[in-house]
Amino acid sequence: MKQNYTFTYFFTSTYPKVCIMTAIKETSTIQENKAYALETCPVTFTMEKIGGYWKPIILYHLSQGDKRYSELKRAIPAITEKMLIQHLKQLEADEIVIREAKPVVPPFVTYRLTNAGKGLIPVISAMAGWALQMADGKFAEE
């Protein structure tokens with residue numbers, strides 16, 4: 001049985017950053033509620049897969065076609081390399097993105113959307129359309 005852990009970070013005067021690792025009880029009420037919400041609420045399930053700040057931005061750029069890692073990094077200059085790698089791995093684990101590596105020197109790695117990822121294109125497009133309408137002031141109260 002796989003054990004999950006939660007990490008708590010805090011700062012002290014002696015040590016700049018301390019991390020405490022605590023095992024999560026699989027039978028806890030919070031975990032049961034989270035599992036129930038994932039099963040019964042499609043929005044919760046979707047946000048679990050694509051939630052956060054960077055994942056929708058990565059998906060937006062991949063919706064325009066296959067991209068190499070360096071192309072994604074240039075397209076999203078504010079993201080750190082650590083966050084980009086982390087989110088690409090999560091999207092790959094959730095079967096939304098496919099990582100394809102060709103055995104050449106230097107490594108040639110491309111990322112593309114899976115069929116499930118392509119199913120998110122209307123969602124990402126709707127988010128982009130809403131942002132453009134907000135920027136144009138189309139939702140201003142009268």
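Annotations for the structure displayed:
- Any hit, the stretch 77-92, residues being open to solvent by 80 Å² or more (accessible area, probe 1.4 Å), over 30 Å from F139 (Cβ atoms) and not charged (D, E, K, R): no
- Counted as qualifying within the stretch 44-142 are the helices (runs of 4 or more DSSP H) with 1 or more residues that are small (G, A, S), namely 69-75, 81-93, 115-118, 121-135.
The values are calculated or read from the model by the stated rules, or taken from the named source; none is laboratory data. Computed from a prediction, not measured in an experiment: that's the story for all the values here. With ideal geometry, Cβ positions are generated from the backbone for all residues, glycine too; neighbour counts draw on all protein chains shown. Just the protein is used for accessible areas: all its heavy atoms, side chains included, with ligands, DNA and RNA removed. Shrake-Rupley method; radii C 1.70, N 1.55, O 1.52, S 1.80 Å.
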